[in-house]
Ligand code: DC
């Protein structure tokens with residue numbers, strides 16, 4: 001019998017619905033939830049507070065690597081209401097600004113930063129298992145995961161979701177800027193030399209463009225070996 005804990009890797013581009021899906025799958029299966037993007041965002045937030053921006057020279061990169069090594073990031077609460085703190089300060093909302101999103105994409109391309117985050121992610125999830133979402137979870141962090149899902153959606157649908165999310169949070173979002181930022185991030189995340197975004201070997205590709213969140217969650221849960229889930233197509 002396989003005694004390893006259940007580990008579900010959910011990778012995919014921004015706006016594909018990874019977070020919402022991963023949270024709900026974690027609740028459904030009673031597993032911990034790990035948002036690895038929040039770890040890169042936390043590095044970006046501290047970097048921006050230190051006056052570092054997207055144009056990083058050698059000293060700037062070294063400073064970011066140091067921030068990553070010293071990062072004291074913690075997750076608390078159940079998957080639906082998870083809070084993120086850094087050095088004891090609740091930064092859950094601060095991690096979601098467009099400026100932090102942009103810088104997170106830049107700092108996550110630095111190999112030493114990735115190495116440090118990957119080490120921590122393995123430490124956090126290896127013992128308990130869980131639903132882990134990110135860009136490299138199935139390809140690099142947990143290639144032996146119980147289930148690897150590559151969750152994607154059309155670029156238009158992804159822009160629409162990001163835009164709606166920003167507006168719902170009261171951010172004065174401009175459609176064209178959201179679209180341009182997403183194109184830029186997609187390009188950087190998928191063309192960086194270290195761990196570019198791509199489906200892992202053996203990953204199941206789920207396109208959420210025309211599915212509701214409940215349908216995506218049902219589809220993912222149905223793919224977990226040994227778990228019986230309701231057929232999403234039956235009422
Ligand atoms: O999923 P997200 O938007 O919160 O991720 C923030 C940034 O971090 C994004 O540009 C991709 C990057 N990231 C990564 O490189 N590897 C991960 N495992 C998770 C996120």
Using a 10 Å cut-off around each Cβ, can you sort 33, 163, 40 from fewest to most neighbouring Cβ atoms?
163, 33, 40
GNM flexibility winner over the chain from 93, 181, 112 (Cα, springs under 10 Å)
93
Using only the alpha carbons, work out the radius of gyration and Dmax of region 105-235 in angstrom.
16.6, 48
Quote to one decimal, in nm, the extra length available between residue 99 and residue 174 on full extension: 0.36 nm per residue of separation minus the C-alpha distance between them.
25.6 nm
Relative to the first principal axis of the alpha-carbon coordinates of the chain, what is the inclination of helix 98-107, with its axis defined by its Cα atoms, in degrees from 0 to 90 and to the nearest 10?
90
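Evaluate the relative contact order of region 1-133 (contact order divided by residue number), counting alpha-carbon pairs under 8 angstrom at least 6 apart; express in whole percent. Mind dumping the intermediate values first?
Details: 160 pairs, mean separation 59.1, N = 133.
Across region 1-133, relative contact order equals 44 percent.
Using a Förster radius of 25 Å, what is the FRET efficiency between residue 66 and residue 90 based on their Cβ-Cβ separation? Nearest 0.05, please. Walk me through the intermediate numbers first.
Details: r = 23 Å, r/R0 = 0.93.
So, using R0 = 25 Å, E works out to roughly 0.60.
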In degrees from 0 to 90, rounded to the nearest 10, what is the angle of the helix 18-29 Cα long axis to the longest principal axis of the chain?
40
Would you look at the GNM of the chain, springs on alpha carbons closer than 10 Å, and say which of 37, 17, 51 moves the most?
51
Whole-number Å³ per residue for the convex hull built on Cα positions in the chain:
126
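Can you give the calculated 222 nm mean residue ellipticity of the chain, where each DSSP H run of n ≥ 4 adds -39,500 (n - 2.57) and the sum is split over every residue, rounded to the nearest 500 deg cm²/dmol?
Working: 8 runs with 107 residues, N = 235.
The per-residue figure over the chain is -14500 deg cm²/dmol.
Take 85, 212, 195 and order them by how many other Cβ atoms sit within 10 Å, fewest up front. It would help to have the intermediate numbers written out before the result.
Details: 85 15, 212 11, 195 18.
The order, fewest Cβ neighbours first, is 212, 85, 195.
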Just how far, in whole angstrom, is region 24-41 from region 162-181 if you go by their alpha carbon centroids?
24
Output the 0 to 90 degree angle, nearest 10, between the alpha-carbon long axis of helix 58-70 and the longest principal axis computed from the alpha carbons of the chain.
50
Relative contact order (%) - criterion: Cα under 8 Å, at least six apart; region: region 1-74
22
For a quick check: sort 194, 186 by the number of other beta carbons within 10 angstrom, fewest at the front.
194, 186
Report relative contact order for region 154-229 in percent, whole number only (criteria: Cα-Cα under 8 Å, sequence separation at least 6).
19
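For residue 122 and residue 204, what is the calculated FRET efficiency with R₀ set at 22 Å and r taken between the beta-carbons, to the nearest 0.05? Mind dumping the intermediate values first?
Values: r = 22 Å, r/R0 = 1.01.
Here the calculated transfer efficiency is 0.50.
Here, each number is a calculation from the coordinates, and none is a lab measurement. Predicted model only: the values in this text are computed from it and were never measured. Positions of Cβ are backbone-derived with ideal geometry, glycine not excepted, and every protein chain shown enters the neighbour counts.
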